[in-house]
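Input: a single structure, listed below in structure tokens.
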4 protein chains.
Amino acid sequence: MSHNTFGHLFRVTTWGESHGPAIGCVVDGCPPMIPLTEADLQPWLDRRKPGGSRFVTQRNESDTARILSGVFDDGAGPVTTGTPIAIEIQNEDARSKDYGEIARAYRPGHADLTYQEKYGVRDHRGGGRSSARETASRVAAGAVARRVLGPDITIRAGVVQLGAHRLGTDEVDFDATYENPLFAASSTVIPAWEAYLDSVRKAGSSIGAVVALEITGVPAGWGSPLYGKLDAELAAALMSINAVKGVEIGAGFASAELSGEDNADEMRMGPDGEIIFGSNHAGGILGGISTGQPITTRLAFKPTSSILTPRRTVTRDGLDTDLRTKGRHDPCVALRGVPVVEAMAACVLVDAMLRHRAQIG
Amino acid sequence: MSHNTFGHLFRVTTWGESHGPAIGCVVDGCPPMIPLTEADLQPWLDRRKPGGSRFVTQRNESDTARILSGVFDDGAGPVTTGTPIAIEIQNEDARSKDYGEIARAYRPGHADLTYQEKYGVRDHRGGGRSSARETASRVAAGAVARRVLGPDITIRAGVVQLGAHRLGTDEVDFDATYENPLFAASSTVIPAWEAYLDSVRKAGSSIGAVVALEITGVPAGWGSPLYGKLDAELAAALMSINAVKGVEIGAGFASAELSGEDNADEMRMGPDGEIIFGSNHAGGILGGISTGQPITTRLAFKPTSSILTPRRTVTRDGLDTDLRTKGRHDPCVALRGVPVVEAMAACVLVDAMLRHRAQIG
Amino acid sequence: MSHNTFGHLFRVTTWGESHGPAIGCVVDGCPPMIPLTEADLQPWLDRRKPGGSRFVTQRNESDTARILSGVFDDGAGPVTTGTPIAIEIQNEDARSKDYGEIARAYRPGHADLTYQEKYGVRDHRGGGRSSARETASRVAAGAVARRVLGPDITIRAGVVQLGAHRLGTDEVDFDATYENPLFAASSTVIPAWEAYLDSVRKAGSSIGAVVALEITGVPAGWGSPLYGKLDAELAAALMSINAVKGVEIGAGFASAELSGEDNADEMRMGPDGEIIFGSNHAGGILGGISTGQPITTRLAFKPTSSILTPRRTVTRDGLDTDLRTKGRHDPCVALRGVPVVEAMAACVLVDAMLRHRAQIG
Amino acid sequence: MSHNTFGHLFRVTTWGESHGPAIGCVVDGCPPMIPLTEADLQPWLDRRKPGGSRFVTQRNESDTARILSGVFDDGAGPVTTGTPIAIEIQNEDARSKDYGEIARAYRPGHADLTYQEKYGVRDHRGGGRSSARETASRVAAGAVARRVLGPDITIRAGVVQLGAHRLGTDEVDFDATYENPLFAASSTVIPAWEAYLDSVRKAGSSIGAVVALEITGVPAGWGSPLYGKLDAELAAALMSINAVKGVEIGAGFASAELSGEDNADEMRMGPDGEIIFGSNHAGGILGGISTGQPITTRLAFKPTSSILTPRRTVTRDGLDTDLRTKGRHDPCVALRGVPVVEAMAACVLVDAMLRHRAQIG
């Protein structure tokens, strides 16, 4: 992944700052003849967009995606043409006045300091380029990727841990994710988790979370060892999402405590000549290549550092100060991260599919 | 990262199978005028090479690296010339007879199945391309990278958890790593851990582990947002190492339970105009760019699936069978993974340094 | 160069079709702190834009470039921030009604056939993605590149051959290029060439041309052997321009008739310790690396196949037909190709500069 | 193309200097299950290797290629495994003593000056990395590429102009190329051309040449517009060959003098539903995509600057001197360039095939 482009063959380049006129992306390398309209993008964008509940930022954006190129209707409905798909989303509710103070002081835990140190200049308004607003472009690209993958591949994620509140393994239900305002992969814990997150929100605080991701329908064989391993590509794509601090594949860190006997996923032939695994500690990937089992991964999101309690920090001019982050923020950024996680996974998978097809046919 | 090449500007391409005539790598994009001889590579290779203790495979390899190009002595000693550095390591103790059975049956937890499914053919001897033997090439490349980085950047790793045995945070001492046969970042736990690993080894079993990595001396500003974030690049490079199933940056999964107040690393100006952080939950990276603090990461290694207890599996011909992995193996692959982790980190850092220099000057 | 992105570190991704709502590009990897406004782009776009004289297409486009990201005014005027620069140009005069017939029949010499064969669908309106309209994006990106290169590097091109009419070597004057409607690198031949091109235009015909390009001020050392040679990169970038069928560096095809004695550019030390060359058959590049001499190249443009005389062709449905290209076209596409040639050269040079700086410092 | 790697999906990385212990390449991304042995490489290497006649350098190299990885015999003969194919060729006749003088003085027309200026150091022995010896690696990679392409695609080149001696268009016969020591695409001109080149050789001089290349059997649809156009990729690959100074596709520079009526390749439906072109000025490529016609290109090679007549030059220490190139050289480097041209074309085509297959299926 190179600066602002990710993917090798299905290449997504994003651009735009939080408070500039617009954000967007260019999707290059998409196969042609895939039916695609703006209506295919919007449901996914709507899931990520702000303002949907009291648990997410109140910034008022319709996040309406416009396709500017790469799709053509030759009589049988709009389809991709194999040329770059440019997607643009206007910034409609950028309130630069909210952010005057952070032009001077660095918000702890944000990228203010590092952008300034690296580039010598930064668009501080709303976090500029490092704002999570950029992830709308990822979701739009992911929606294109889903169209390419087709319905046989399902990509589902959800919050499985909110602060110290965790779902048990058998409590996880990805069908529930978009049915509750917490993006939780559960329908039973919602009242308790809502009460908890309300307390965080009202305190002007924030909290971290863990998101689980499950992908089904990927055939055996995708992934490009040794350095384009499917798990390595997923790890990079997911770690590139704002606030993500950890990625696990399959048993992840728990595998450190497993014995070889327990960890190995045994195999038996099934009735139709297919391989049946006795377990899935590998998370659907061996040697960087998909096994045909579900691909399972978990990600840790840190709490946003945008909180109402003043924190000690320094200014661009080298002075100590205390900073209280005003403006509109999410008490738990992982929530709206869920559709972003799915989108990044979709892009990685299309890329792996195309690379596999290239080499193997 | 693309198939068998990693890095954008400091590009490492590796080749070779476990039981072929040799393995090696080509390092391209190395800056010129860096003093480099084979003696600079060997100490790092010696740390990874097999046969050093009873806790690692007894395969007998000298792992002697030969530099075939890219270095020239113009009178002032051998230096890199800016052209590709080809490094070659002979395979001296490949015993293909040990591996006849796995030509037919897939070892559970190994890449036998997936390589066969993907490519329709695989070099099964000793795991072929998916063998950890390939990591010798990574270590050689990492040694070159260390020469480019120079002495001000330290890259140190060590085992901090062996099965269920964990070091406390304040027990970690990376100076101890190469002073004990367990590659443990501690000098106090060795007897207990040795006894434990002996029991695993004698049982013909294996166990997972966690390796911690700490990098100091990286200046603020390295990393290439948004998709070439330094943490994303590290995650991909580390996840590409055999048996790694999880990667954390900074507080990692623990950050899911932190509040914004606790997680934010507060700042104050130091006496010499430098920024002093009150903590390092970020692990030295914010917004994908280094902060100047130590970069800290942790990796989970799964146990090798090469164990003496027979496991249920299937053959290439679609028959059920039980397979007991004979041959020479490591009871804990994470141990020899430690120098590999350091090497990958070194390569990622040089790449980040060169990319930073390209864009910023 | 990969699909619709060119450059390694200074990466330009273009998108858009001739008759879609807009075209544009994303410039990624640009160094920060470069002063840049839309006013820096417009003069170059104005040189390329249609409608400027009777010798170019009468399509009426203002080609107004809008910068949507990557530039920020922190008080000292707008500068690049190191993040992606998105540039957008509206299509204002797309007349799709002109192009109905070519939805069915393939224009000989155009990409209608090949896009349809490759993708199974194409946006036929005005040539869609293969239209020379896309080159406006290249010119915009080239204008950014010029800002990065600074004033010490001059990049100048001009028409040196129009059909059978050629300038002598000592007649070439790049200062004249934008002073005449033929983009000719000469002020003396204009009346004769205008009369000639008028006759071509009135006949509804078209003609090819040769454009020469001269770059001065490039220091010795740029270029990345062996496969990123500066001449190889230039050749690819220039050959990717619509209608270009040949590229020469330095003496080019004439060097086939030279002896080693005549071709070698002899050297002598100059009064200030600089190297003075006796000639420049190499065109400023040896072994893929700049010598410090002017970089000279020549490109052949074919005549556009959009002419009024009917040509024999076939339809998408496999029927013979005769096709007369109506609509608005250039009698010599090389003319407006001149600023495009300069822009591509500027992008290649910035990329080479950044790569050089990365490896050498 | 990036430093020492070319290709996007079929990626060839070469390494090695003229007088180091060996040279070689790593071919990554090759499809699996392609039958391949060293015997498939050798005939192509033999065509390029020195010492075959009095018209080429008398350096004595067997150019024996050894495959070190990526090929495995699972019972049905050796096939590619989809993993990196490492190929190595020993340098057997490196006489470093011949080259002492050029350690100090820059040979005019060679890359001595530019490598020194760029890197601050160079392996001067025999030209080091910039020696044409590196092209043996290209030929080996090209031989692998030919196996992937299969027999339906023919790639043939030959010398069509030697100094001022040119073949007429209807005199070109690529079947003759390897039947004569001049690599001429003709059997009739050999005595005259031999006499001419003998005179050049005996004078210790050198001469340039033009090589033509014709590729048949490429289906319509290969090529990746806009910046990975098939002609742009070919131009870069061919321009990266030592001594090449110009590349034409189809009518090339002659198209500058053509009218639109003459240049357009008219089409008619053939008896079997195929498209029949009336001409091939496009050289088999329109809009960067193959048309299905033969792909035709021409390349200009400059004369080598290694000649016996002393030329004026400067030393590394900034002194004027006169230099007479001793050692073993080719009177016309284009001759042995012919198999290199074919090899580069083969690599470009496999890459285009894989990219096409990735996107289109």
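The values are calculated or read from the model by the stated rules, or taken from the named source; none is laboratory data. Note that this is a predicted model, so its numbers are computed, not measured. Every residue, glycine as well, gets a Cβ built from its backbone with ideal geometry; the counts of neighbours run over all protein chains shown. Areas reflect the complete protein model, heavy atoms only, side chains present, ligands, DNA and RNA absent. Shrake-Rupley method; radii C 1.70, N 1.55, O 1.52, S 1.80 Å.
When nucleic acids and ligands are ignored and a 1.4 Å probe is applied, D:S62 ends up with an accessible area of around 40 Å².
Rounded to the nearest Hz, the phi-derived 3J(HN,Hα) couplings of segment C:209-226 under the Karplus curve 6.51 cos²θ - 1.76 cosθ + 1.60 (θ = phi - 60°) are 6, 10, 10, 9, 10, 10, 10, 10, x, 6, x, 5, x, 7, x, 10, x, 9, where x marks glycine and proline. Across segment D:193-304, C-alpha contacts under 8 Å between residues 6 or more apart give a mean separation that, scaled by the residue count, equals a relative contact order of 44 percent.
Ranking C:W44, D:W15 from most to least accessible surface, computed with a 1.4 Å probe over the protein chains only, gives C:W44, D:W15.
Heavy-atom accessible surface of B:K202, to the nearest 10 Å², is about 150 Å², with a 1.4 Å probe and all protein chains retained. Note down the Stokes-Einstein diffusion coefficient of chain C in µm²/s, whole number, using a Kirkwood radius over alpha carbon pairs, 4 °C, and 1.567 mPa s. The estimated diffusion coefficient comes to 60 µm²/s. Say the dipole of segment C:5-360 comes from +1 at the beta carbon of Lys and Arg and -1 at that of Asp and Glu; which of C:T57, C:V12, C:A251 then lies farthest toward its positive end? Final value for the positive-end residue is C:T57.
Charge dipole (Cα centre; +1 on Lys/Arg Cβ, -1 on Asp/Glu Cβ; no other charges) of segment C:5-360 amounts to roughly 1520 debye. The lysine pair count for segment A:5-360, using Cα distances under 29 Å and pairs eight or more places apart or on different chains, is 20.
Protein-only accessible surface at a 1.4 angstrom probe places the residues B:R166, C:R54 in the order B:R166, C:R54, largest first. Placing unit charges on the Cβ atoms of the charged side chains and taking the dipole of segment C:119-212 about its Cα centre, the candidate lying farthest along the positive direction among C:N180, C:G127, C:L197 is C:G127. In this structure the amide hydrogen of B:G158, modeled in the peptide plane, comes within under 5 Å of the amide hydrogens of B:A212, none closer than 5 places in sequence on its chain. Rolling a 1.4 Å probe over the protein heavy atoms gives segment D:5-360 an accessible area of 30 Å² per residue. Each copy carries D:A195; placing its label point 7 Å along the C-beta direction from Cα gives inter-copy distances of 4.8, 9.6, 10.7 nm, listed from smallest up.
Annotation: amide H of A:I276 within the under-5 Å range of A:R268, A:M269, A:G270, sequence separation 5 or more or interchain, hydrogens built in the peptide plane. Here is the P(r) of segment D:205-361: all C-alpha pair distances, binned every 10 Å from 0, give 10, 31, 28, 16, 10, 4, 1, 0 in whole percents.
Summarising the label geometry, the points placed 7 Å from Cα in the beta-carbon direction at B:R312 and A:A203 lie 4.8 nm from one another. Axis between B and C by rotation; chain B residue with nearest Cβ and distance in whole Å recorded as B:A358, 2.
Inter-copy label distances at B:Q90, using a point 7 Å along Cα-to-Cβ, come to 1.2, 7.2, 7.3 nm with the shortest given first.
Scattering from the protein assembly as shown was approximated by placing one identical point on each alpha carbon and applying the Debye formula without solvent; log10 I(q)/I(0) at 0.04 1/Å stands at -0.23.
Label point of C:A103 set 7 angstrom out along Cα-Cβ; within segment C:308-343, amide nitrogens under 14 Å from it belong to C:316-317.
For the pair D:A164 and C:E274, a Förster radius of 25 Å applied to the C-beta separation gives a FRET efficiency near 0.10, rounded to the nearest 0.05.
B:D322 label point (Cα plus 7 Å toward Cβ) to equivalent points in the other copies: 6.9, 8.4, 8.8 nm, shortest first.
In order along segment B:25-41, the phi-based Karplus estimate (6.51 cos²θ - 1.76 cosθ + 1.60, θ = phi - 60°) of 3J(HN,Hα) comes to 8, 10, 9, 10, x, 5, x, x, 6, 8, x, 7, 9, 4, 5, 6, 8 Hz; Gly and Pro are listed as x. Peptide C:280-290 has a mean shielding of 6, counted as Cβ atoms of other protein chains within 10 Å of each residue's Cβ. Annotation: amide H of B:L182 has no partner in the under-5 Å range at sequence separation 5 or more or interchain, hydrogens built in the peptide plane.
When accessible surface is computed with a 1.4 Å probe, chains C and A are found to bury approximately 3300 Å² between them, both chains counted. Here the 3J(HN,Hα) profile of segment A:126-136, calculated from phi with Karplus coefficients 6.51, -1.76 and 1.60 at θ = phi - 60°, is x, x, x, 6, 7, 5, 5, 4, 4, 5, 4 Hz, Gly and Pro shown as x.
Modelled label positions at C:R324 and D:D73, each set 7 Å beyond Cα in the direction of Cβ, lie 6.9 nm from each other. Spin-label pair A:S187-D:E179: with each label point 7 Å from Cα along the Cα-Cβ axis, the two points sit 8.0 nm from one another.
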